[in-house]
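Structure first, commentary second.
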Amino acid sequence: MDNSGIYVGLDIGTTSIKVIVAEYVKGQMNVIGVGREPSDGVNRGVIVDIDKASIAIKRAVESAERKANIQIHDVVAGIPANLLRIEPVRGMIAISDSSREIGNQDVVEVSNAASVHNLPPEQEVVDVLPDEFIVDGFDGIKDPRGMVGVRLEMNGGLITGPKTIIHNLKSAIRQAGLGLVDVVVSPLALGRTILNDGEQDFGTITLDLGAGQSTAAVIHDHHLKYTFVEQEGGQFVTKDISVVLNTSLDNAEQIKQQYGYAVADQASSDAFPVNVVGQNEPVAITEKYLSEIIEARMEQILTNIKKQLEKVGALDMPGGVVITGGGAALPGIETLVERIFETNAKLYVPDQMGLRHPAFAQALAILNYEGRMSDVEILAKTAMVSSERTVSETPQDDVVDEKPKFKQRTKSSERRPESQQERPKPTTNNSSSSTANSNRFDGIKKWFSDFFD
């Protein structure tokens with residue numbers, strides 16, 4: 001599939017909002033603009049003040065516009081792993097004409113059938129991920145289009161998330177004057193970007209060390225199997241430094257980045273000055289003492305994550321742990337993760353010019369995921385959007401556009417993605433979709449117990 005065009009990724013973090021503009025040409029991503037602004041209205045990766053968050057998003061978008069020399073109208077946003085649920089689903093439809101080749105509409109309908117699911121009222125469908133299609137009993141098919149048969153089945157995964165988080169995300173983006181092209185599950189996008197084919201196949205843990213929270217995700221057999229969010233991150237390290245050294249949060253963050261180590265044994269005994277509240281003169285603190293403060297909190301965070309991963313047997317996978325996120329910039333973080341998780345660990349840092357910092361990994365992953373979606377994945381997501389639109393009561397709920405639109409600031413050589421292949425337009429079947437959506441809230445489906453079947 002040719003997904004050539006311009007994409008804008010939006011990563012809303014606890015301490016900063018990152019906007020990356022990239023152009024896809026023949027499967028290659030070229031970053032043409034970046035905006036990064038301090039977050040506001042965000043707590044632990046979740047929008048808690050829509051008005052403040054929308055202003056911060058607008059500032060970051062404007063910064064990216066100036067650098068990319070385009071006018072941004074639409075974005076692709078990531079949704080955090082907080083309270084995400086991953087469940088296996090199965091759908092089946094009959095093909096009315098056995099002599100007709102299976103087409104786009106059939107894939108949409110079988111995906112729609114698979115997404116008919118009982119959900120608790122506080123959850124909302126985020127994505128439908130097809131694993132395989134089965135045509136008249138022949139399984140293992142990735143793309144059934146062009147085949148003939150009388151029965152089409154789909155096995156896949158259904159990802160749902162809290163309605164509140166999704167609503168706040170959409171509202172803040174809309175209030176910032178932007179359209180929402182797609183919502184991408186952040187740990188899923190990250191896994192597809194920072195892991196190689198073997199790591200995704202045999203099983204690997206991605207560890208995103210953010211400022212407000214730390215997210216572990218298990219990728220196995222090329223699928224997202226499990227996520228866990230530890231509600232502590234780099235901000236808590238900064239607060240510890242501030243409290244212990246009696247200095248401001250800004251000073252604490254600065255010295256953490258400049259002198260801190262994740263493992264105290266790797267720090268030196270060299271001293272540096274710290275402005276202490278109530279003292280007229282700076283106080284000398286050694287790098288080793290600072291790093292002991294950092295290591296204590298990081299060890300607590302990682303130990304809590306390890307306990308959850310042990311419950312699902314994730315630490316037995318051969319891929320080990322791949323670390324990224326702003327907190328991964330601390331020297332020695334790999335050593336600390338290896339010591340606590342008792343498995344191999346490595347650091348992922350983006351290699352794009354100007355973005356060579358682990359804090360940009362998530363924003364790049366959102367872009368990479370959207371730009372590399374296959375036809376079948378787009379069709380499956382179209383079915384989900386179509387189903388949601390059937391039960392929408394107000395136009396503002398209908399915020400997923402079919403493709404992004406951009407305007408070049410200069411008059412000549414407009415950079416528009418009209419050449420990009422359009423996603424199939426959602427189709428609605430009022431009778432079947434209404435029945436499917438009414439059944440969706442009948443009860444709570446028990447979460448599957450074995451993530452690695």
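Things worth noting here:
- Scanning segment 165-207 for residues that are assigned to a helix (DSSP H, G or I), among the aliphatic types (A, V, I, L, M) and over 22 Å from Gly320 (Cβ atoms) yields a total of 5.
- Phe202 being of a type in the set (Phe, Trp, Tyr) and under 22 Å from Asn304 (Cα atoms): no
- Residue in segment 237-249 that is surrounded by fewer than 21 Cβ atoms within 10 Å (Cβ to Cβ) and either among the aromatic types (Phe, Trp, Tyr) or at pLDDT below 95 (or both) present: no
Residue by residue, here is whether (1) at pLDDT 95 or above; (2) surrounded by fewer than 21 Cβ atoms within 10 Å (Cβ to Cβ); (3) in contact with a Ser or Thr (Cβ under 8 Å, 6 or more places away or on another chain) holds:
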position: Ala296; (1), (2), (3): yes, yes, no
position: Lys307; (1), (2), (3): yes, yes, no
position: Gly320; (1), (2), (3): yes, yes, yes
position: Ala329; (1), (2), (3): yes, yes, no
position: Thr335; (1), (2), (3): yes, yes, no
position: Ile340; (1), (2), (3): yes, yes, yes
position: Lys346; (1), (2), (3): yes, yes, no
position: Met373; (1), (2), (3): no, yes, no
position: Leu379; (1), (2), (3): no, no, yes
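- Note on segment 72-164: enclosed strands (runs of 3 or more DSSP E) holding 1 or more residues that are open to solvent by less than 10 Å² (accessible area, probe 1.4 Å) are 74-79, 85-94, 123-135, 151-162.
- Listed conditions (1) modelled with pLDDT under 95; (2) part of a strand (DSSP E or B); (3) among the charged types (D, E, K, R) are all met by Asp2, apart from (2).
- In this structure, Val181 does not qualify as modelled with pLDDT under 95 and under 30 Å from Ile305 (Cα atoms).
- Which numbered condition Ala56 misses (of (1) crowded, with 16+ Cβ neighbours inside 10 Å; (2) in a loop (DSSP other than H, G, I, E, B)): (2)
- Residue check for Ala262: assigned to a loop (DSSP other than H, G, I, E, B), modelled with pLDDT of 95 or more and surrounded by 23 or more Cβ atoms within 10 Å (Cβ to Cβ): yes
- Check on Gly319, in a loop (DSSP other than H, G, I, E, B) and in contact (Cβ under 8 Å) with a residue 60 or more places away in the chain: yes
The values are calculated or read from the model by the stated rules, or taken from the named source; none is laboratory data. These figures come from a predicted structure and were not determined experimentally. Glycine gets a Cβ as well: all are built from the backbone with ideal geometry, and neighbour counts include every protein chain shown. Keep in mind that these areas ignore ligands, DNA and RNA; they rest on the heavy atoms of the full protein, side chains included. Shrake-Rupley method; radii C 1.70, N 1.55, O 1.52, S 1.80 Å.
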